[in-house]
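The values are calculated or read from the model by the stated rules, or taken from the named source; none is laboratory data. The shown structure was predicted, so the numbers you read here are calculated from the model rather than taken from an experiment. We place every Cβ from the backbone using ideal geometry, glycine too, and count neighbours over all the protein chains shown.
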Amino acid sequence: MTAPDLRVTLVQPDTVWLDPVANREQLAVLVRAQPATDLIVLPETFTTGFSNDAVAHAEAMDGESVAWMRALARERDAAVAGSVPIRSGEAVYNRLLFVTPNGEIRHYDKRHQFRMAHEQDRYAAGRDRLVVEWRGWRICPLVCYDLRFPVFSRNRVDPARGDDLAYDLLLYVANWPAARHEAWRTLLRARAMENSCYVVGVNRAGVDGHGHDHRGGSLATDPVGVALADCDDAPQVASVVLSLERLREYRRKFPAHLDADAFRLTR
């Protein structure tokens, strides 16, 4: 049986500062103008931008942004992924939501918090990595600063899958500023090469309410670091078709993962 391809749509907007309604409206327009797809990827904190005030705009899991993502996934018959400030009890999380057309929601709470912006003072940290299965693919979604920590994202052999790896696609949603643009691009390629997987990173464009510029640079890369979709610094949407068959063939010919070092995360 032929392994399924996966069409991924990278949505790189100029996020409207602290305005969830305006952001949902502009993103809906961008997405509806695109052809059919399997996975729609939105940036980190796509409803607000990455702000010290985002906690005041945090929503519940039964709030408007989650309902919007569910409706969009159903309308487009595609999974929708992106992070939103979500309040759960007394805590607020920078929560990546992975929403499928049947309304199912899986989530990952950002583990590595950007201390240079005091994110740890506003958000509770996540702990566990998430791998979701979608249309024959296994996808590991992470958030922005997580990109700098390769141990947490390391793709290891899954005993339940024989000699196969735990995931096929590593996904990053971000508000990555222009001052560190080259790090963003370099680390995305590095994660692809060291994990023998596709990597998709989606960033925002434009200047935020703090005056920080974002150069976009959303990127999809294959396991050897070759760009398959490559965005410049303007708001835009790009699509790419990923081949699971080609990925499996690459891993058969170059099974470096079988020589990887064993380790265990302790916290």
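Taken over region 191-222, the residue count meeting the criterion of being within 17 Å of the chain's Cα centre (by Cα) and either surrounded by 24 or more Cβ atoms within 10 Å (Cβ to Cβ) or outside any strand (DSSP E or B) (or both) is 19.
Taken residue by residue, region 59-69 has no member that is surrounded by 18 or more Cβ atoms within 10 Å (Cβ to Cβ), under 27 Å from residue 196 (Cα atoms) and either modelled with pLDDT of 95 or more or of a type in the set (Lys, Arg) (or both).
Of the numbered criteria (1) in a helix (DSSP H, G or I); (2) crowded, with 17+ Cβ neighbours inside 10 Å, the one residue 74 fails is (2). Scanning region 10-57 for residues that are β-branched (Val, Ile, Thr), touching a residue at least 40 places away in the same chain (Cβ under 8 Å) and closer than 13 Å to residue 85 by Cα, we see that the one that is surrounded by the fewest Cβ atoms within 10 Å (Cβ to Cβ) is 55. Looking only at region 30-53, filter to residues that are of a type in the set (D, E, K, R) and assigned to a loop (DSSP other than H, G, I, E, B); which one of those is nearest to residue 220 (Cα to Cα)? Restricting to residues being of a type in the set (D, E, K, R) and assigned to a loop (DSSP other than H, G, I, E, B), the top hit is 38.
Figure legend. Inter-residue proximity from region 217-244: first residues over 11 Å from residue 7 (Cα atoms), second residues among the polar types (S, T, N, Q) and not in a strand (DSSP E or B), beta-carbon distance below 6 Å, spacing 6+ or different chains. Indicated pairs: 217/203; 218/203; 223/196; 231/218; 237/34.
Conditions tested, residue by residue: (1) within 30 Å of residue 213 (Cβ to Cβ); (2) within 14 Å of the chain's Cα centre (by Cα).
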position: 119; (1), (2): yes, no
position: 125; (1), (2): yes, no
position: 138; (1), (2): no, yes
position: 149; (1), (2): yes, no
position: 157; (1), (2): no, no
position: 162; (1), (2): no, no
position: 180; (1), (2): yes, no
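Yes/no matrix, rows are residues, columns are (1) more than 29 Å from residue 239 (Cα to Cα); (2) in contact with a helix residue (DSSP H, G or I) (Cβ under 7 Å, 6 or more places away or on another chain); (3) of a type outside the set (Asp, Glu):
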{"residue": "74", "(1), (2), (3)": "no, no, yes"}
{"residue": "79", "(1), (2), (3)": "no, yes, yes"}
{"residue": "84", "(1), (2), (3)": "no, yes, yes"}
{"residue": "96", "(1), (2), (3)": "no, no, yes"}
{"residue": "119", "(1), (2), (3)": "yes, no, no"}
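Within region 84-117, the only residue that satisfies the criterion of being among the hydroxyl-bearing types (Ser, Thr, Tyr) and under 13 Å from the mean Cα position of the chain (by Cα) is 108. Tallying residues that are out of contact with any Lys or Arg (no Cβ under 8 Å at 6 or more places or on another chain) and closer than 19 Å to residue 38 by Cα within region 204-221 yields 2. Among the criteria (1) modelled with pLDDT of 95 or more; (2) in contact with a Pro (Cβ under 8 Å, 6 or more places away or on another chain), the one residue 54 does not fulfil is (1).
A quick yes/no check of all residues on (1) surrounded by fewer than 18 Cβ atoms within 10 Å (Cβ to Cβ); (2) at pLDDT 95 or above; (3) not acidic (Asp, Glu):
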position	(1), (2), (3)
102	yes, yes, yes
115	yes, yes, yes
128	yes, yes, no
152	yes, yes, yes
157	yes, no, yes
162	yes, no, yes
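Filtering region 1-48 to residues that are hydroxyl-bearing (Ser, Thr, Tyr) and more than 15 Å from residue 79 (Cα to Cα) leaves 2, 15, 45, 47, 48.
When you scan region 243-254, do you find a residue that is part of a strand (DSSP E or B), closer than 22 Å to residue 167 by Cβ and under 22 Å from the mean Cα position of the chain (by Cα), even just one? Checking region 243-254: at least one residue is part of a strand (DSSP E or B), closer than 22 Å to residue 167 by Cβ and under 22 Å from the mean Cα position of the chain (by Cα).
Looking across region 173-185, just one residue is touching a strand residue (DSSP E or B) at 6+ places or on another chain (Cβ under 6 Å), part of a helix (DSSP H, G or I) and aliphatic (A, V, I, L, M), and that is 178.
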